[in-house]
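Engineer: Quick one: the structure is below, and I'll ask about it shortly.
The values are calculated or read from the model by the stated rules, or taken from the named source; none is laboratory data. In this text, all values refer to a predicted model and were calculated from it rather than measured experimentally. Cβ placement follows ideal geometry from the backbone for every residue including glycine, while neighbour counts extend to all protein chains displayed. Quick note on the areas: whole protein, heavy atoms, side chains included, nothing else; ligands and nucleic acids left out. Shrake-Rupley method; radii C 1.70, N 1.55, O 1.52, S 1.80 Å.
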Amino acid sequence: MEQNVPYKIYLDESELPKAWYNLRADMKNKPAPLLNPGTLQPMTFDELTPVFCEDLVRQELDDTTRFFEIPEEIRQFYKMYRPSPLTRAYFLEKALGTPAKIYYKFEGNNTSGSHKLNSAVAQAYYAKKQGLRGVTTETGAGQWGTALSMACSYFGLDCQVYMVKVSYEQKPFRREVMRTYGASVTPSPSEGTAVGRKILQEHPGTSGSLGCAISEAVEAATSAPGYRYVLGSVLNQVLLHQSIIGLEAKAALDKYGVQPDIIIGCAGGGSNLGGLISPFMGEKIQGKADYRFIAVEPASCPSFTRGKYAYDFCDTGMVCPLSKMYTLGSGFIPSANHAGGLRYHGMSSVLSQLYHDGLMEARSVEQTKVFEAAQLFARVEGTLPAPESSHAIRAAIDEALRCKEAGEEKTILFGLTGTGYFDMTAYQKFNDGQMSDYIPTDEELAASLAKLPKVEA
Ligand SMILES: *Cc1c(COP(=O)(O)O)cnc(C)c1O
C-alpha cells in the first residue's frame, strides 16, 4: 500500500546493502562470454588474470552466484557517501503538470560526481588485496578517472590514467582533481605506448576516443610488473558493483510501498543502468513483477538503436578480448560536436542480451533536447545534472508528458547519475545557442560496422 512519500527518502547506514546482486545468476539466456581474439574460444581465468585482478576476474566469469558479499573495507568507504538519497520529483511533476509520479536516485553526491565511485572503490580494494602496486585505466569525460584516483589514494595504490585527448584539453579541472588525489594523467593517444604511436600515425591530429585510451591503458598495465588494468563500465563486474544503486532504490521505494512502472537510465557502457535495473529485472525474469525498462543513448552514438549485435573488440587498438554486444564498430568515434558523454562504441554484454531478448527497450535522443531537459530539471529540482544523466531526464520527462496526455498515473524511476559541475563548456554552448545535433548517416555506420571481426557465434 502506497503511503505519503517525503521529498527525499533516506536509508540509514545500517540499511546499506551487505551484498551486491549478480543479475546474471537469474538470466535465462546468459550474456555471451568474452572471446580470445586469437583462438575465438571463451577467455579463461588464466588468460584474464595478467590484465585484471584475480577476484575481479572471478566476478567477471561468474554467471551463477546470486549474491557477492560486500567486503567490510568497501562498506566503510561507501559510508562516506552512501546510501544515496532517492527523491520524489514533486517540483518536476508540478512543472510538467503530469499525473505521473517521478522518482530519481542521485549518485552525484561525492567528489568524483558520479556513480563510478561505487565500482572504483571495489576495484581498488581487490587490487590492494592482491598486493599490486597500482592500476591503469582510461577516462573519457573524466568521471571514472576521478573516481578511481579517489579510491586508489584511499587504498594507497598508484593510479595511471589515460584521458581522451579532447577531454584532457577541455576539462583541465577534472585533470587537476585526479592529480590532487595523486594520479598521473596522460592525454590519449600518446607517444608513450606502441598502440598510441600506431593510432597517431594512422590518424594524425585525432582528438582520441575511449577505445584508443583503453588500448593504451591495457598496454601500460601488461608491460609493468605489479600493475593491472581496470575499467569503469561495460564489464560484468562493474554492473555487479553498481547493483548497489538498484538495491538501495528498491529498499527505499519498498519502505513506502511504491512500485515503479517504468525504470529509465542513460546508457554509455551500461553500468549505471545495469546496476539500477538489476533487482527489478531479476523480479521480472522470475515472473514476480513486471516493469518497463528504457535505455537512453545519444543520437550521435546509438549503439542499441542502430548498432549490430555481434562480437566486437572493446577497444580501438584491438588488443582486448572480443565481447558480444550491440556495437557501432570499435573504430567508431562520435562527431566532435557531441558534448554529452556516453561516447563508447559498444554496450555491456548483459544489457545487450536483455535488449536482444526483448526484456528492455532503448531509444536515442538528440543533445539539444537533452540539454533542454537538463535546464528544466536544474531550474525546478535544483540539482545541476550531468549531460549523461540528462539523457535519462529527457526520457523521464517524455514519459511523464505521455502520461499527461493519456491521463495515466504511472510511476517512473530514473537514475540521476551525476552532477554537471565539470560540464560547463557544454552548458555554455547550449546557453549561447551554439549547440547542434549530429546524427551519423547510415553510410557512416555501415562503414564502421563493415570492419567488425568475423566471428561465427
Ligand atoms: C560514465 C557516466 C555515465 C555512463 O556510464 P554507464 O556505464 O553507461 O553508466 C553516465 N553518467 C555519468 C554521470 C557518468 O559519469
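Engineer: Quickly run through the range 225-247 and pick out the residues that are among the small types (Gly, Ala, Ser) and at pLDDT below 95. Don't jump to the end; show me each part of the working.
Structural biologist: Start the filter on the range 225-247 by keeping residues that are among the small types (Gly, Ala, Ser), which leaves 226, 232-233, 243, 246.
Correct list: GLY232, SER233.
Engineer: Here are some conditions: (1) hydrophobic (A, V, I, L, M, F, W, C); (2) more than 16 Å from the ligand (Cβ to nearest atom); (3) in a strand (DSSP E or B). ILE264 meets all but one. Which one does it not meet?
Structural biologist: The one condition ILE264 does not meet is (2).
Engineer: For ALA120, indicate whether it is outside any loop (DSSP other than H, G, I, E, B), touching a helix residue (DSSP H, G or I) at 6+ places or on another chain (Cβ under 6 Å) and over 21 Å from VAL350 (Cβ atoms).
Structural biologist: No.
Engineer: Still on this structure: Before we move on, is PRO225 over 18 Å from LEU148 (Cα atoms) and open to solvent by 20 Å² or more (accessible area, probe 1.4 Å)?
Structural biologist: Criteria met by PRO225.
Engineer: Return yes or no: is LEU328 within 16 Å of the ligand (Cβ to nearest atom) and under 27 Å from TYR291 (Cα atoms)?
Structural biologist: no
Engineer: Please enumerate the residues belonging to the range 25-55 that are under 20 Å from TYR309 (Cα atoms) and among the small types (Gly, Ala, Ser).
Structural biologist: Selection gives ALA32 alone.
Engineer: Then there's this: Looking only at the range 402-425, count how many residues are open to solvent by less than 40 Å² (accessible area, probe 1.4 Å) and farther than 16 Å from ILE277 by Cβ.
Structural biologist: The number of residues fulfilling the criteria is 5.
Engineer: Still on this structure, please answer the following. Report the residue count in the range 338-374 for those that are at pLDDT 95 or above and either among the hydroxyl-bearing types (Ser, Thr, Tyr) or part of a strand (DSSP E or B) (or both).
Structural biologist: 10
Engineer: A follow-up question, please. Quickly run through the range 290-315 and pick out the residues that are of a type in the set (A, V, I, L, M) and either at pLDDT below 95 or under 16 Å from LEU354 (Cα atoms) (or both).
Structural biologist: The first filter runs over the range 290-315 and keeps only residues of a type in the set (A, V, I, L, M), leaving 294-296, 299, 310.
Across the range 290-315, the qualifying residues are ILE294, ALA295, VAL296, ALA310.
Engineer: Is it fair to say PRO187 is open to solvent by 20 Å² or more (accessible area, probe 1.4 Å), without any contact (Cβ under 8 Å) to a residue 60 or more places away in the chain, farther than 22 Å from ARG133 by Cβ and assigned to a strand (DSSP E or B)?
Structural biologist: Answer is yes for this residue.
Listed here are the residues, each with its yes/no results for (1) more than 23 Å from ASN29 (Cβ to Cβ); (2) open to solvent by less than 20 Å² (accessible area, probe 1.4 Å); (3) within 14 Å of the ligand (Cβ to nearest atom).
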site	(1), (2), (3)
VAL350	no, yes, yes
LEU359	no, no, no
LYS369	yes, no, no
ALA400	yes, yes, no
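Engineer: Of PHE371, PHE332, PHE377, which residue is in contact with a strand residue (DSSP E or B) (Cβ under 7 Å, 6 or more places away or on another chain) and not polar (S, T, N, Q)?
Structural biologist: On the way: PHE371 fails: in contact with a strand residue (DSSP E or B) (Cβ under 7 Å, 6 or more places away or on another chain); PHE332 fails: in contact with a strand residue (DSSP E or B) (Cβ under 7 Å, 6 or more places away or on another chain).
It is PHE377.
Engineer: Hey, another quick one. Going by the conditions given, is GLU248 acidic (Asp, Glu), part of a helix (DSSP H, G or I) and either over 28 Å from TYR162 (Cα atoms) or open to solvent by 10 Å² or more (accessible area, probe 1.4 Å) (or both)? Lay out the reasoning, then the answer.
Structural biologist: On the way: acidic (Asp, Glu): yes; part of a helix (DSSP H, G or I): yes; either over 28 Å from TYR162 (Cα atoms) or open to solvent by 10 Å² or more (accessible area, probe 1.4 Å) (or both): yes.
Considered against the rule, which asks whether it is acidic (Asp, Glu), part of a helix (DSSP H, G or I) and either over 28 Å from TYR162 (Cα atoms) or open to solvent by 10 Å² or more (accessible area, probe 1.4 Å) (or both), GLU248 comes out as yes.
Engineer: Looking at (1) closer than 21 Å to TYR326 by Cβ; (2) modelled with pLDDT of 95 or more, which is the one condition that is false for LYS451?
Structural biologist: Every listed condition holds for LYS451 apart from (2).
Engineer: Can you confirm whether the range 312-324 contains a residue that is within 16 Å of the ligand (Cβ to nearest atom), surrounded by fewer than 21 Cβ atoms within 10 Å (Cβ to Cβ) and not assigned by TED's automatic domain parsing to the domain that holds GLY140?
Structural biologist: No: zero hits.
Engineer: Can you name the residue in the range 426-441 that is in contact (Cβ under 8 Å) with a residue 40 or more places away in the chain and assigned to a helix (DSSP H, G or I) and, of all such residues, is surrounded by the most Cβ atoms within 10 Å (Cβ to Cβ)? Give the derivation first.
Structural biologist: Filtering the range 426-441 down to residues in contact (Cβ under 8 Å) with a residue 40 or more places away in the chain leaves 426-427, 429-430, 435-440.
Then keep just the ones that are assigned to a helix (DSSP H, G or I); that gives 426-427, 429-430.
Details: ALA426: 24, TYR427: 19, LYS429: 17, PHE430: 21.
Checked the range 426-441; the qualifying residue surrounded by the most Cβ atoms within 10 Å (Cβ to Cβ) is ALA426.
Engineer: What residue, among those in the range 85-107 that are surrounded by fewer than 24 Cβ atoms within 10 Å (Cβ to Cβ) and under 16 Å from SER243 (Cα atoms), is nearest to the ligand (Cβ to nearest atom)?
Structural biologist: Of everything passing the filter in the range 85-107, PHE106 is nearest to the ligand (Cβ to nearest atom).
Engineer: For the list (1) open to solvent by less than 10 Å² (accessible area, probe 1.4 Å); (2) within 16 Å of the ligand (Cβ to nearest atom); (3) in contact with a strand residue (DSSP E or B) (Cβ under 8 Å, 6 or more places away or on another chain); (4) more than 17 Å from SER243 (Cα to Cα), I need the number of the one condition that CYS301 fails.
Structural biologist: Result: CYS301 fails condition (3) only.
Engineer: Let me ask something else. For the range 150-169, name all the residues that are closer than 15 Å to ALA213 by Cβ, over 17 Å from the mean Cα position of the chain (by Cα) and modelled with pLDDT of 95 or more.
Structural biologist: CYS159, GLN160, VAL161, TYR162 - these are the residues of the range 150-169 that are closer than 15 Å to ALA213 by Cβ, over 17 Å from the mean Cα position of the chain (by Cα) and modelled with pLDDT of 95 or more.
Engineer: A follow-up question, please. Look at GLY108 and say whether it is under 16 Å from ASP423 (Cα atoms) and in contact (Cβ under 8 Å) with a residue 60 or more places away in the chain.
Structural biologist: In short, yes.
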